[in-house]
1. Among 93, 157, 117, 135, which is crowded, with 16+ Cβ neighbours inside 10 Å and closer than 18 Å to residue 48 by Cβ?
2. Could you tell me which of the residues 75, 28, 24 is modelled with pLDDT under 95, in a loop (DSSP other than H, G, I, E, B) and touching a His at 6+ places or on another chain (Cβ under 8 Å)?
3. Mind telling me which of the residues 207, 231, 241 ends up being at pLDDT below 90 and surrounded by 12 or more Cβ atoms within 10 Å (Cβ to Cβ)?
4. Within the set of pairs 6 or more residues apart or between chains, which connect a residue that is in contact (Cβ under 8 Å) with a residue 40 or more places away in the chain inside region 94-105 to a residue that is among the hydroxyl-bearing types (Ser, Thr, Tyr) and outside any helix (DSSP H, G or I) with Cβ atoms less than 9 Å apart?
5. Being small (Gly, Ala, Ser) and either closer than 23 Å to residue 97 by Cβ or in contact with a strand residue (DSSP E or B) (Cβ under 9 Å, 6 or more places away or on another chain) (or both): is that true of residue 28 here?
6. Residues that are without any contact (Cβ under 8 Å) to a residue 12 or more places away in the chain and out of contact with any Gly (no Cβ under 8 Å at 6 or more places or on another chain): list the helices (runs of 4 or more DSSP H) wholly contained in region 125-184 that include at least 2 such residues.
7. If I filter region 17-32 for residues that are within 26 Å of the chain's Cα centre (by Cα) and not aromatic (Phe, Trp, Tyr), do I get at least one hit?
8. Residue 190: at pLDDT 85 or above, touching a strand residue (DSSP E or B) at 6+ places or on another chain (Cβ under 6 Å) and closer than 24 Å to residue 133 by Cα, yes or no?
Amino acid sequence: FIAVHCAALSPTLLESELFGHEKGAFTGAVEMRRGRFELADGGTIFLDEIGEVDPSVQVKILRVLEERTFERVGGEQTIEVDVRLLAATNRSLHQLVAEKRFREDLYYRLHVVRIHLPPLRERKEDIPLLCEHFLRHFAEENHKGIEGFTAEAMDALIAYDWPGNVRELRNAVERMVVLARGPRLGVRDLPPEIRQNVPREQTASTGSLRNLTLREAEKRLIVEALKANSGNRTRAAEQLGISRRTLHRKIKEYGLKDVH
């Protein structure tokens, strides 16, 4: 399985990326290079954002689909491949065809089996699963022992509309992991555009302590830490910066044994 993000490359570079090139085909082509179609022979190639592909490259993609052959850039040898092609786009290919920006014959050749994926805002139930997946990936990549999201943070992530869909969610979770200051991702770790929609009492809980006595403030902070960590006293103690033994004593002192 080989994936190519078509929108990230210019038409010339994309053609070389997909079909390869011969030595001396252009400036910088110091050696022969096989393209993604050739490397995917016998497997599957996924073209992401195919709606951004230049018409000059669309012609060669169509030929691969119809004849299963192509030539490398600057080459004369015909190469045969047997690949399964998957394509995705966030644009209307039908509209692009009407605007003469996408080949009609390629459109119908691709339109054999169409899967419509609704925007993320219309499938909120997927957000927790995606968040956990991205969290595991980026926590491992950044060598961070992050165990999950607080309930408040997850509620905020679910409530957000995600105009950039899964890519925006992925980037948001990556940012949260990189900047995380504790074992669980909370409201304070959310990107600003998401955090600004969180109810004020959740984002300003610390500020609301100023009118409380020291004992009241300490008790509230302990309650918040316990709730944020689903009653896990070890994690709550780490968040508060105290030992587990001290936390246990405070829980007993304030009668908080049932808080979780």
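The values are calculated or read from the model by the stated rules, or taken from the named source; none is laboratory data. This one's a predicted model, so the numbers in the text were calculated from it and none came from an experiment. Because the Cβ atoms are built from the backbone with ideal geometry, glycine has one as well, and the counts that use them run over all protein chains shown.
1. Values: 157 fails: closer than 18 Å to residue 48 by Cβ; 117 fails: crowded, with 16+ Cβ neighbours inside 10 Å; 135 fails: closer than 18 Å to residue 48 by Cβ.
Unique residue meeting the criteria: 93.
2. None of the others qualify; the one that does is 75.
3. Working: 207 fails: surrounded by 12 or more Cβ atoms within 10 Å (Cβ to Cβ); 241 fails: surrounded by 12 or more Cβ atoms within 10 Å (Cβ to Cβ).
None of the other options fit; the residue is 231.
4. What qualifies is 96/89.
5. When the stated conditions are applied, residue 28 does not pass them.
6. Details: elements: 127-141, 151-159, 165-179.
Ranges flagged: 127-141, 165-179.
7. yes
8. no
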